[in-house]
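Trainee: Once you've had a glance at the structure underneath, I'll fire off some questions.
The values are calculated or read from the model by the stated rules, or taken from the named source; none is laboratory data. For clarity, every value in this text was computed on a predicted model and none was experimentally measured. Virtual Cβ from ideal backbone geometry, glycine too; neighbours counted across all protein chains shown. Note: areas computed on protein heavy atoms with side chains; ligands, DNA, RNA excluded. Shrake-Rupley method; radii C 1.70, N 1.55, O 1.52, S 1.80 Å.
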Amino acid sequence: MKTKHLSLRIVIALILGIVVGSICNLFIQNGFIGGLDKYVFNVIGQIFLNLIFMLVVPIVFVSIVLGVIGVGDPKLLGGIGLKTITFFLTTTALAITIGLLLAMLFQPGQGKSDLFKSKDVDKYEQTLKKDSGGEATNQTFDQTLIDLFPKNPVKAMTDENMLQIITFAIFIGIGIIMVGSKAQIVHKFFEQTNEVLMYIITMIMNVFAPIGTFGLVAHAFTGAGFGAIQQLGMYFFVVLLALFVHFFVVYGTAVKLLGHYSPMKFFKAFIPAITVGFSASSSNAALPVSMECTKKMGVRPEIASFVQPLGATINMDGTAIMQGVATIFIAQISGVQLSLGQLITVVIVAVVASIGTAGVPGVGLIMLAMVLNAVGLNPAAIGIILGIDRLLDMTRTSVNITGDAACALIVSNSEEKKLATKNSA
Ligand code: ASP
(Lines give C-alpha, C1' and ligand atoms only; values in the text may rest on other atoms or scores of the structure.)
Protein backbone atom coordinates (compact mmCIF):
# COMPACT_ATOMS: atom_id res chain seq x y z
CA MET A 1 0.00 0.00 0.00
CA LYS A 2 1.46 3.38 -0.92
CA THR A 3 0.39 4.63 2.47
CA LYS A 4 1.50 8.22 2.11
CA HIS A 5 -0.36 8.87 -1.06
CA LEU A 6 -3.31 6.79 -0.01
CA SER A 7 -3.68 8.48 3.39
CA LEU A 8 -3.81 11.84 1.75
CA ARG A 9 -6.43 10.70 -0.74
CA ILE A 10 -8.58 9.20 1.99
CA VAL A 11 -8.31 12.26 4.20
CA ILE A 12 -9.34 14.49 1.30
CA ALA A 13 -12.29 12.15 0.61
CA LEU A 14 -13.25 12.27 4.27
CA ILE A 15 -13.23 16.07 4.39
CA LEU A 16 -15.18 16.23 1.13
CA GLY A 17 -17.68 13.76 2.62
CA ILE A 18 -18.13 15.94 5.70
CA VAL A 19 -18.61 19.10 3.62
CA VAL A 20 -20.95 17.58 1.02
CA GLY A 21 -22.90 15.63 3.68
CA SER A 22 -23.34 18.70 5.87
CA ILE A 23 -24.61 20.73 2.91
CA CYS A 24 -27.01 17.93 1.92
CA ASN A 25 -28.19 17.81 5.51
CA LEU A 26 -29.62 21.30 5.07
CA PHE A 27 -31.76 20.14 2.14
CA ILE A 28 -32.63 16.67 3.37
CA GLN A 29 -36.35 17.27 2.70
CA ASN A 30 -35.60 17.77 -0.97
CA GLY A 31 -36.38 14.64 -3.02
CA PHE A 32 -33.28 14.91 -5.16
CA ILE A 33 -30.98 15.12 -2.14
CA GLY A 34 -32.81 12.23 -0.48
CA GLY A 35 -32.27 10.13 -3.63
CA LEU A 36 -28.65 11.18 -3.91
CA ASP A 37 -28.10 10.08 -0.35
CA LYS A 38 -29.95 6.79 -0.66
CA TYR A 39 -28.81 5.68 -4.09
CA VAL A 40 -25.36 7.19 -4.38
CA PHE A 41 -23.68 7.95 -1.01
CA ASN A 42 -25.17 5.01 0.79
CA VAL A 43 -24.64 2.52 -2.04
CA ILE A 44 -20.97 3.30 -2.61
CA GLY A 45 -20.36 3.43 1.13
CA GLN A 46 -22.02 0.10 1.79
CA ILE A 47 -20.24 -1.61 -1.10
CA PHE A 48 -16.91 -0.48 0.31
CA LEU A 49 -17.93 -1.64 3.76
CA ASN A 50 -19.02 -5.05 2.48
CA LEU A 51 -15.75 -5.45 0.62
CA ILE A 52 -13.85 -4.90 3.85
CA PHE A 53 -16.20 -6.99 5.98
CA MET A 54 -15.82 -9.80 3.47
CA LEU A 55 -12.19 -10.04 4.58
CA VAL A 56 -12.52 -9.52 8.33
CA VAL A 57 -13.33 -13.08 9.37
CA PRO A 58 -10.78 -14.80 7.09
CA ILE A 59 -8.05 -12.30 7.96
CA VAL A 60 -8.65 -12.54 11.71
CA PHE A 61 -8.75 -16.31 11.58
CA VAL A 62 -5.72 -16.83 9.36
CA SER A 63 -3.58 -14.22 11.04
CA ILE A 64 -4.26 -15.51 14.54
CA VAL A 65 -3.37 -19.05 13.47
CA LEU A 66 -0.12 -17.69 12.03
CA GLY A 67 0.39 -15.51 15.09
CA VAL A 68 0.19 -18.49 17.43
CA ILE A 69 2.58 -20.46 15.22
CA GLY A 70 4.91 -17.44 15.07
CA VAL A 71 5.06 -17.12 18.84
CA GLY A 72 5.42 -20.87 19.01
CA ASP A 73 5.65 -21.18 22.75
CA PRO A 74 2.50 -21.31 24.91
CA LYS A 75 4.39 -19.67 27.80
CA LEU A 76 5.39 -16.74 25.65
CA LEU A 77 1.81 -16.52 24.43
CA GLY A 78 0.63 -16.38 28.04
CA GLY A 79 3.03 -13.51 28.78
CA ILE A 80 1.85 -11.59 25.73
CA GLY A 81 -1.76 -12.20 26.74
CA LEU A 82 -1.15 -10.93 30.25
CA LYS A 83 0.58 -7.74 29.09
CA THR A 84 -2.15 -7.12 26.54
CA ILE A 85 -4.99 -7.52 29.02
CA THR A 86 -3.18 -5.35 31.59
CA PHE A 87 -2.75 -2.58 29.02
CA PHE A 88 -6.36 -2.85 27.89
CA LEU A 89 -7.80 -2.68 31.39
CA THR A 90 -5.55 0.14 32.58
CA THR A 91 -6.17 2.37 29.58
CA THR A 92 -9.92 1.74 29.67
CA ALA A 93 -10.11 2.66 33.36
CA LEU A 94 -8.05 5.79 32.60
CA ALA A 95 -10.37 6.63 29.72
CA ILE A 96 -13.53 6.56 31.85
CA THR A 97 -11.81 8.54 34.57
CA ILE A 98 -10.89 11.26 32.06
CA GLY A 99 -14.49 11.22 30.80
CA LEU A 100 -15.93 11.46 34.32
CA LEU A 101 -13.58 14.24 35.40
CA LEU A 102 -14.23 16.39 32.33
CA ALA A 103 -17.97 15.81 32.63
CA MET A 104 -17.90 16.91 36.25
CA LEU A 105 -15.85 19.94 35.31
CA PHE A 106 -18.01 21.09 32.39
CA GLN A 107 -21.40 19.95 33.76
CA PRO A 108 -22.97 19.23 30.35
CA GLY A 109 -26.39 18.41 31.82
CA GLN A 110 -26.73 21.48 34.00
CA GLY A 111 -30.05 23.25 33.55
CA LYS A 112 -31.30 20.77 30.97
CA SER A 113 -33.77 18.80 33.05
CA ASP A 114 -36.54 19.46 30.53
CA LEU A 115 -34.79 17.06 28.14
CA PHE A 116 -36.12 14.28 30.29
CA LYS A 117 -39.66 15.11 29.27
CA SER A 118 -38.88 14.68 25.58
CA LYS A 119 -40.63 11.98 23.58
CA ASP A 120 -37.25 10.39 22.80
CA VAL A 121 -37.26 9.00 26.32
CA ASP A 122 -40.66 7.33 25.89
CA LYS A 123 -39.65 5.99 22.52
CA TYR A 124 -36.52 4.40 23.93
CA GLU A 125 -38.49 2.99 26.83
CA GLN A 126 -40.59 1.08 24.30
CA THR A 127 -37.49 -0.14 22.49
CA LEU A 128 -35.97 -1.36 25.73
CA LYS A 129 -39.10 -3.26 26.52
CA LYS A 130 -39.49 -5.10 23.29
CA ASP A 131 -36.14 -5.67 21.65
CA SER A 132 -32.65 -6.87 22.24
CA GLY A 133 -31.59 -3.60 23.86
CA GLY A 134 -32.22 -5.23 27.19
CA GLU A 135 -31.03 -8.63 26.12
CA ALA A 136 -27.58 -7.42 25.13
CA THR A 137 -26.94 -6.26 28.65
CA ASN A 138 -28.34 -9.33 30.33
CA GLN A 139 -25.56 -11.75 29.46
CA THR A 140 -24.46 -13.40 32.67
CA PHE A 141 -20.82 -13.93 33.57
CA ASP A 142 -20.96 -17.74 33.50
CA GLN A 143 -22.58 -17.72 30.06
CA THR A 144 -20.00 -15.25 28.78
CA LEU A 145 -17.28 -17.62 29.89
CA ILE A 146 -18.96 -20.65 28.33
CA ASP A 147 -19.52 -18.72 25.10
CA LEU A 148 -15.79 -18.16 24.66
CA PHE A 149 -15.63 -21.72 23.37
CA PRO A 150 -17.43 -22.32 20.09
CA LYS A 151 -19.51 -25.43 19.76
CA ASN A 152 -19.61 -24.85 16.06
CA PRO A 153 -16.68 -22.89 14.59
CA VAL A 154 -18.44 -22.40 11.28
CA LYS A 155 -21.36 -20.80 13.05
CA ALA A 156 -18.90 -18.65 15.01
CA MET A 157 -17.64 -17.39 11.67
CA THR A 158 -21.03 -16.77 10.13
CA ASP A 159 -22.10 -14.96 13.31
CA GLU A 160 -18.82 -12.99 13.23
CA ASN A 161 -18.33 -13.93 16.85
CA MET A 162 -14.79 -12.64 17.22
CA LEU A 163 -13.99 -14.16 20.61
CA GLN A 164 -15.04 -17.63 19.44
CA ILE A 165 -13.09 -17.23 16.21
CA ILE A 166 -10.03 -16.22 18.25
CA THR A 167 -10.38 -19.28 20.50
CA PHE A 168 -10.75 -21.64 17.56
CA ALA A 169 -7.78 -20.07 15.75
CA ILE A 170 -5.58 -20.45 18.85
CA PHE A 171 -6.40 -24.17 18.98
CA ILE A 172 -5.66 -24.65 15.29
CA GLY A 173 -2.37 -22.78 15.71
CA ILE A 174 -1.35 -24.93 18.68
CA GLY A 175 -2.40 -28.04 16.75
CA ILE A 176 -0.19 -27.11 13.81
CA ILE A 177 2.79 -26.49 16.12
CA MET A 178 2.34 -29.77 17.95
CA VAL A 179 1.83 -31.89 14.82
CA GLY A 180 4.98 -30.29 13.37
CA SER A 181 6.35 -31.52 10.07
CA LYS A 182 3.29 -33.63 9.36
CA ALA A 183 1.20 -30.46 9.14
CA GLN A 184 3.68 -28.62 6.93
CA ILE A 185 1.25 -28.28 4.06
CA VAL A 186 -1.48 -26.90 6.32
CA HIS A 187 1.01 -24.39 7.70
CA LYS A 188 2.03 -23.36 4.18
CA PHE A 189 -1.62 -23.12 3.22
CA PHE A 190 -2.24 -20.58 5.97
CA GLU A 191 0.87 -18.59 5.02
CA GLN A 192 -0.10 -18.45 1.38
CA THR A 193 -3.75 -17.65 2.14
CA ASN A 194 -2.48 -14.79 4.25
CA GLU A 195 -0.47 -13.45 1.30
CA VAL A 196 -3.54 -13.56 -0.91
CA LEU A 197 -5.75 -11.84 1.67
CA MET A 198 -3.17 -9.11 2.20
CA TYR A 199 -3.00 -8.53 -1.53
CA ILE A 200 -6.80 -8.20 -1.71
CA ILE A 201 -7.08 -5.78 1.18
CA THR A 202 -4.30 -3.62 -0.27
CA MET A 203 -6.07 -3.58 -3.60
CA ILE A 204 -9.44 -2.73 -2.06
CA MET A 205 -7.90 0.09 -0.08
CA ASN A 206 -6.06 1.52 -3.07
CA VAL A 207 -8.99 1.35 -5.43
CA PHE A 208 -12.05 1.85 -3.23
CA ALA A 209 -11.05 3.48 0.05
CA PRO A 210 -11.24 7.13 -1.04
CA ILE A 211 -14.58 6.85 -2.85
CA GLY A 212 -15.98 4.46 -0.21
CA THR A 213 -14.95 6.76 2.62
CA PHE A 214 -16.57 9.67 0.83
CA GLY A 215 -19.83 7.72 0.48
CA LEU A 216 -19.93 6.57 4.09
CA VAL A 217 -19.10 9.95 5.56
CA ALA A 218 -21.38 11.89 3.22
CA HIS A 219 -24.23 9.51 4.13
CA ALA A 220 -23.58 9.83 7.86
CA PHE A 221 -23.46 13.62 7.73
CA THR A 222 -26.50 13.92 5.48
CA GLY A 223 -28.51 12.09 8.11
CA ALA A 224 -26.76 13.64 11.11
CA GLY A 225 -28.97 15.26 13.67
CA PHE A 226 -27.29 18.67 13.66
CA GLY A 227 -30.34 20.25 15.25
CA ALA A 228 -30.04 17.87 18.17
CA ILE A 229 -26.36 18.68 18.49
CA GLN A 230 -27.26 22.28 19.33
CA GLN A 231 -29.46 21.05 22.18
CA LEU A 232 -26.87 18.61 23.39
CA GLY A 233 -23.89 20.74 22.44
CA MET A 234 -22.13 20.55 25.77
CA TYR A 235 -22.45 16.77 26.00
CA PHE A 236 -21.14 16.45 22.46
CA PHE A 237 -18.25 18.77 23.22
CA VAL A 238 -17.23 17.01 26.45
CA VAL A 239 -17.21 13.56 24.81
CA LEU A 240 -15.08 14.90 21.95
CA LEU A 241 -12.72 16.67 24.33
CA ALA A 242 -12.24 13.56 26.45
CA LEU A 243 -11.64 11.46 23.33
CA PHE A 244 -9.11 14.00 22.12
CA VAL A 245 -7.26 14.06 25.46
CA HIS A 246 -7.17 10.29 25.71
CA PHE A 247 -6.04 9.91 22.11
CA PHE A 248 -3.18 12.37 22.20
CA VAL A 249 -2.12 12.40 25.84
CA VAL A 250 -2.61 8.82 27.00
CA TYR A 251 -1.72 7.03 23.75
CA GLY A 252 0.95 9.58 22.84
CA THR A 253 2.66 9.13 26.21
CA ALA A 254 2.27 5.35 26.21
CA VAL A 255 3.69 5.01 22.70
CA LYS A 256 6.62 7.25 23.58
CA LEU A 257 7.48 5.92 27.04
CA LEU A 258 6.48 2.26 26.78
CA GLY A 259 6.78 1.70 23.04
CA HIS A 260 9.87 3.89 22.51
CA TYR A 261 8.35 5.12 19.28
CA SER A 262 7.63 8.61 18.01
CA PRO A 263 3.97 9.45 18.69
CA MET A 264 3.82 11.65 15.59
CA LYS A 265 5.05 8.82 13.39
CA PHE A 266 2.60 6.46 15.09
CA PHE A 267 -0.45 8.65 14.52
CA LYS A 268 0.57 9.41 10.95
CA ALA A 269 1.13 5.80 10.01
CA PHE A 270 -2.24 4.88 11.49
CA ILE A 271 -4.27 7.39 9.45
CA PRO A 272 -5.65 4.87 6.90
CA ALA A 273 -7.03 2.72 9.74
CA ILE A 274 -8.43 5.73 11.58
CA THR A 275 -10.31 6.89 8.50
CA VAL A 276 -11.84 3.44 7.98
CA GLY A 277 -12.79 3.20 11.67
CA PHE A 278 -14.25 6.70 11.50
CA SER A 279 -16.27 6.27 8.35
CA ALA A 280 -17.51 2.77 9.17
CA SER A 281 -17.99 3.32 12.95
CA SER A 282 -16.73 -0.20 13.39
CA SER A 283 -13.57 -1.54 14.99
CA ASN A 284 -14.11 -4.84 13.20
CA ALA A 285 -14.29 -3.21 9.80
CA ALA A 286 -11.04 -1.38 10.45
CA LEU A 287 -9.18 -4.53 11.50
CA PRO A 288 -7.65 -5.63 8.19
CA VAL A 289 -6.30 -2.13 7.56
CA SER A 290 -5.21 -1.48 11.14
CA MET A 291 -3.14 -4.67 11.24
CA GLU A 292 -1.47 -3.64 7.99
CA CYS A 293 -0.66 -0.23 9.44
CA THR A 294 0.98 -1.53 12.60
CA LYS A 295 3.04 -4.05 10.68
CA LYS A 296 4.40 -1.10 8.69
CA MET A 297 5.44 0.50 11.99
CA GLY A 298 7.57 -2.57 12.64
CA VAL A 299 5.16 -4.32 15.00
CA ARG A 300 5.83 -8.04 14.80
CA PRO A 301 3.07 -9.70 12.75
CA GLU A 302 2.56 -12.45 15.32
CA ILE A 303 1.81 -9.80 17.96
CA ALA A 304 -0.34 -7.57 15.73
CA SER A 305 -2.46 -10.49 14.63
CA PHE A 306 -3.12 -11.50 18.19
CA VAL A 307 -3.46 -8.16 20.00
CA GLN A 308 -5.52 -6.19 17.48
CA PRO A 309 -8.40 -8.62 16.84
CA LEU A 310 -8.68 -9.16 20.58
CA GLY A 311 -8.61 -5.40 21.12
CA ALA A 312 -11.23 -4.77 18.42
CA THR A 313 -13.49 -7.06 20.42
CA ILE A 314 -12.82 -6.15 24.04
CA ASN A 315 -10.80 -2.93 24.21
CA MET A 316 -13.04 0.09 23.73
CA ASP A 317 -11.57 3.14 25.41
CA GLY A 318 -13.55 5.59 23.30
CA THR A 319 -16.76 3.77 24.11
CA ALA A 320 -15.92 3.82 27.81
CA ILE A 321 -15.36 7.58 27.60
CA MET A 322 -18.78 8.10 26.03
CA GLN A 323 -20.35 5.88 28.68
CA GLY A 324 -18.70 7.84 31.49
CA VAL A 325 -19.68 11.25 30.15
CA ALA A 326 -23.19 10.06 29.26
CA THR A 327 -23.74 8.71 32.77
CA ILE A 328 -22.82 12.02 34.38
CA PHE A 329 -24.87 13.90 31.79
CA ILE A 330 -27.94 11.76 32.44
CA ALA A 331 -27.45 12.02 36.21
CA GLN A 332 -27.33 15.80 35.88
CA ILE A 333 -30.45 16.12 33.77
CA SER A 334 -32.21 13.77 36.19
CA GLY A 335 -31.13 15.96 39.10
CA VAL A 336 -29.20 13.11 40.73
CA GLN A 337 -25.91 13.70 42.52
CA LEU A 338 -23.73 10.59 42.21
CA SER A 339 -21.75 9.68 45.32
CA LEU A 340 -18.08 8.72 45.23
CA GLY A 341 -19.08 5.08 45.66
CA GLN A 342 -21.40 5.36 42.67
CA LEU A 343 -18.67 6.98 40.58
CA ILE A 344 -16.38 4.06 41.36
CA THR A 345 -19.21 1.73 40.36
CA VAL A 346 -19.47 3.63 37.06
CA VAL A 347 -15.75 3.09 36.42
CA ILE A 348 -15.97 -0.64 37.11
CA VAL A 349 -19.21 -1.28 35.26
CA ALA A 350 -18.18 0.85 32.28
CA VAL A 351 -14.98 -1.22 31.95
CA VAL A 352 -17.15 -4.34 31.80
CA ALA A 353 -19.72 -2.71 29.49
CA SER A 354 -17.06 -1.55 27.06
CA ILE A 355 -15.51 -5.03 27.05
CA GLY A 356 -18.94 -6.41 26.20
CA THR A 357 -19.40 -3.91 23.37
CA ALA A 358 -19.03 -5.51 19.96
CA GLY A 359 -16.90 -3.71 17.36
CA VAL A 360 -19.85 -2.67 15.23
CA PRO A 361 -21.80 0.60 15.01
CA GLY A 362 -23.92 1.74 17.90
CA VAL A 363 -23.50 -1.09 20.39
CA GLY A 364 -21.67 1.10 22.91
CA LEU A 365 -24.86 3.07 23.42
CA ILE A 366 -26.93 -0.07 24.01
CA MET A 367 -24.40 -1.24 26.58
CA LEU A 368 -24.70 2.10 28.35
CA ALA A 369 -27.97 0.76 29.79
CA MET A 370 -25.88 -1.56 31.94
CA VAL A 371 -23.95 1.35 33.49
CA LEU A 372 -27.10 3.41 34.07
CA ASN A 373 -28.87 0.48 35.71
CA ALA A 374 -25.90 -0.06 38.01
CA VAL A 375 -26.30 3.39 39.54
CA GLY A 376 -30.07 3.50 39.47
CA LEU A 377 -30.50 5.89 36.53
CA ASN A 378 -33.25 5.41 33.96
CA PRO A 379 -31.83 3.67 30.85
CA ALA A 380 -34.62 5.14 28.73
CA ALA A 381 -32.67 8.42 28.92
CA ILE A 382 -30.43 6.92 26.25
CA GLY A 383 -33.16 8.04 23.83
CA ILE A 384 -32.05 11.63 24.41
CA ILE A 385 -28.54 11.12 23.07
CA LEU A 386 -29.43 8.54 20.43
CA GLY A 387 -29.94 11.11 17.68
CA ILE A 388 -26.39 12.44 17.81
CA ASP A 389 -24.66 9.21 18.61
CA ARG A 390 -23.61 8.33 15.08
CA LEU A 391 -21.15 11.20 14.89
CA LEU A 392 -19.72 10.38 18.29
CA ASP A 393 -19.60 6.70 17.38
CA MET A 394 -17.39 7.55 14.40
CA THR A 395 -14.96 9.41 16.62
CA ARG A 396 -14.90 6.96 19.51
CA THR A 397 -14.34 4.05 17.13
CA SER A 398 -11.20 5.82 15.87
CA VAL A 399 -10.02 6.04 19.47
CA ASN A 400 -10.93 2.40 20.15
CA ILE A 401 -8.77 1.06 17.35
CA THR A 402 -5.88 3.41 18.09
CA GLY A 403 -5.74 1.94 21.61
CA ASP A 404 -5.40 -1.54 20.14
CA ALA A 405 -2.62 -0.41 17.84
CA ALA A 406 -0.75 1.35 20.66
CA CYS A 407 -0.97 -1.85 22.70
CA ALA A 408 0.33 -3.97 19.80
CA LEU A 409 3.26 -1.61 19.36
CA ILE A 410 4.14 -1.63 23.06
CA VAL A 411 3.79 -5.38 23.55
CA SER A 412 5.75 -6.07 20.36
CA ASN A 413 8.52 -3.81 21.55
CA SER A 414 8.72 -5.44 24.95
CA GLU A 415 8.69 -8.98 23.55
CA GLU A 416 11.04 -8.22 20.67
CA LYS A 417 14.13 -9.77 22.24
CA LYS A 418 12.42 -12.98 23.36
CA LEU A 419 10.77 -13.49 19.99
CA ALA A 420 13.93 -12.66 18.06
CA THR A 421 16.04 -15.14 20.05
CA LYS A 422 13.36 -17.79 19.78
CA ASN A 423 13.10 -17.40 16.03
CA SER A 424 16.86 -17.40 15.48
CA ALA A 425 17.33 -20.46 17.70
N1 ASP B 1 -18.70 1.41 17.13
C2 ASP B 1 -17.79 1.11 18.19
C3 ASP B 1 -16.66 0.24 17.68
O4 ASP B 1 -16.83 -0.50 16.75
C5 ASP B 1 -18.45 0.47 19.37
C6 ASP B 1 -19.43 1.43 20.00
O7 ASP B 1 -19.01 2.19 20.89
O8 ASP B 1 -20.58 1.47 19.63
O9 ASP B 1 -15.58 0.28 18.21
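Trainee: Roughly speaking, what % of Cα-Cα pairs in the chain are separated by over 37 Å, rounded to a whole number?
Mentor: On the way: 20593 of 90100 pairs.
That tail contains 23 percent of the Cα-Cα pairs.
Trainee: Per residue, how much space in cubic angstrom lies within the convex hull of the C-alpha atoms of the range 244-384?
Mentor: Working: hull volume 16.1 nm³, N = 141.
That works out to 114 Å³ per residue.
Trainee: Sticking with this structure for a sec: Quick one: what do you get for the range 40-88 if you divide its Cα Rg by 2.2 N^0.38 Å? Could the numbers behind the result be given before it?
Mentor: Numbers: Rg = 16.7 Å, N = 49, 2.2 N^0.38 = 9.7 Å.
This ratio for the range 40-88 stands at 1.73.
Trainee: Let me ask something additional. Any number yet on Rg/Rh for the range 160-256, C-alpha, Kirkwood?
Mentor: Working: Rg = 22.1 Å, Rh = 18.7 Å.
My calculation of the ratio gives 1.18.
Trainee: Further question on the same structure: Considering only protein heavy atoms, what per residue accessible area in square angstrom results for the chain with a 1.4 angstrom probe? Don't skip to the end; give the middle numbers.
Mentor: Working: 18700 Å² over 425 residues.
Averaged over the residues of the chain, the accessible area is 44 Å².
Trainee: Between the range 347-406 and the range 21-54, how far is it from one alpha carbon centroid to the other, in angstrom?
Mentor: Each part's Cα centre sits 25 Å from the other's.
Trainee: Send over the per residue convex hull volume for the range 316-414, Cα only, as a whole number of Å³.
Mentor: Details: hull volume 9.0 nm³, N = 99.
Cα-based convex hull of the range 316-414, divided per residue, equals 91 Å³.
Trainee: Once the other residues with Cβ under 15 Å from the Cβ of F221 are scored (Lys, Arg +1; Asp, Glu -1), what is the net sum? Before the final figure, lay out each step's value.
Mentor: On the way: positive: K38, R390; negative: D37, D389, D393.
Computed value for this residue: -1.
Trainee: Per the Kirkwood definition applied to all pairs of different Cα atoms, how many angstroms is the hydrodynamic radius of the range 253-310? Walk me through the numbers on the way to the answer.
Mentor: Details: mean 1/r = 0.0854 Å⁻¹.
It works out to 11.7 Å.
Trainee: To one decimal place, what orientation-averaged projected area in nm² is obtained for the convex hull of the Cα set of the range 201-260?
Mentor: Values: hull surface 25.4 nm².
Projected over every direction and averaged, the Cα hull of the range 201-260 covers 6.3 nm².
Trainee: Another one. Carbon and sulfur: what percent of the chain's accessible surface (1.4 Å probe)? Could the numbers behind the result be given before it?
Mentor: Values: 12750 of 18700 Å².
Reported share for carbon and sulfur atoms: 68 percent.
Trainee: Turning to a different aspect of this structure: What does the charge add up to near G362, with Lys and Arg as +1, Asp and Glu as -1, over the other residues with Cβ less than 10 Å from its Cβ? Mind showing how you got there, number by number?
Mentor: Details: positive: R390; negative: D389, D393.
Residues close to G362 contribute a combined charge of -1.
Trainee: Find the centroid of the Cα atoms in the range 185-219 and in the range 293-314, then give the distance between the two in whole Å.
Mentor: 16
Trainee: A further question on this structure: If the elastic network links every pair of Cα atoms under 10 Å, which of A380, A353, A183 fluctuates the most in the Gaussian network model of the chain?
Mentor: Its mean-square fluctuation being the largest, the pick is A183.
Trainee: How big is the range 220-289 by Rg and Dmax over its Cα atoms, in Å?
Mentor: Radius of gyration, then largest Cα-Cα span, for the range 220-289: 15.1, 44 Å.
Trainee: If every alpha-carbon in the range 1-122 counts as one equal scatterer, what log10 I(q)/I(0) does Debye give at q = 0.13, 0.17 1/Å?
Mentor: -1.11, -1.11
Trainee: Specify the residue with the greatest mean-square fluctuation among F41, F214, F106, computed from a Gaussian network of the chain linking alpha-carbon atoms under 10 Å apart.
Mentor: F106
Trainee: Over the range 5-73, one equal point on each Cα, no solvent: what is log10 I(q)/I(0) by the Debye formula at q = 0.16, 0.19, 0.24, 0.27 Å⁻¹?
Mentor: For the range 5-73, the Cα-only Debye profile gives -0.74, -0.87, -1.05, -1.12.
Trainee: Sequence neighbours fewer than 8 away in the same chain don't count; with that in mind, list the lysines whose C-alpha is under 29 Å from K418.
Mentor: K75, K83, K182, K188, K256, K265, K268, K295, K296
Trainee: Could you work out the percent of alpha carbon pairs in the range 81-131 separated by over 13 Å, rounded to a whole number?
Mentor: Working: 928 of 1275 pairs.
Tail fraction, whole percent: 73.
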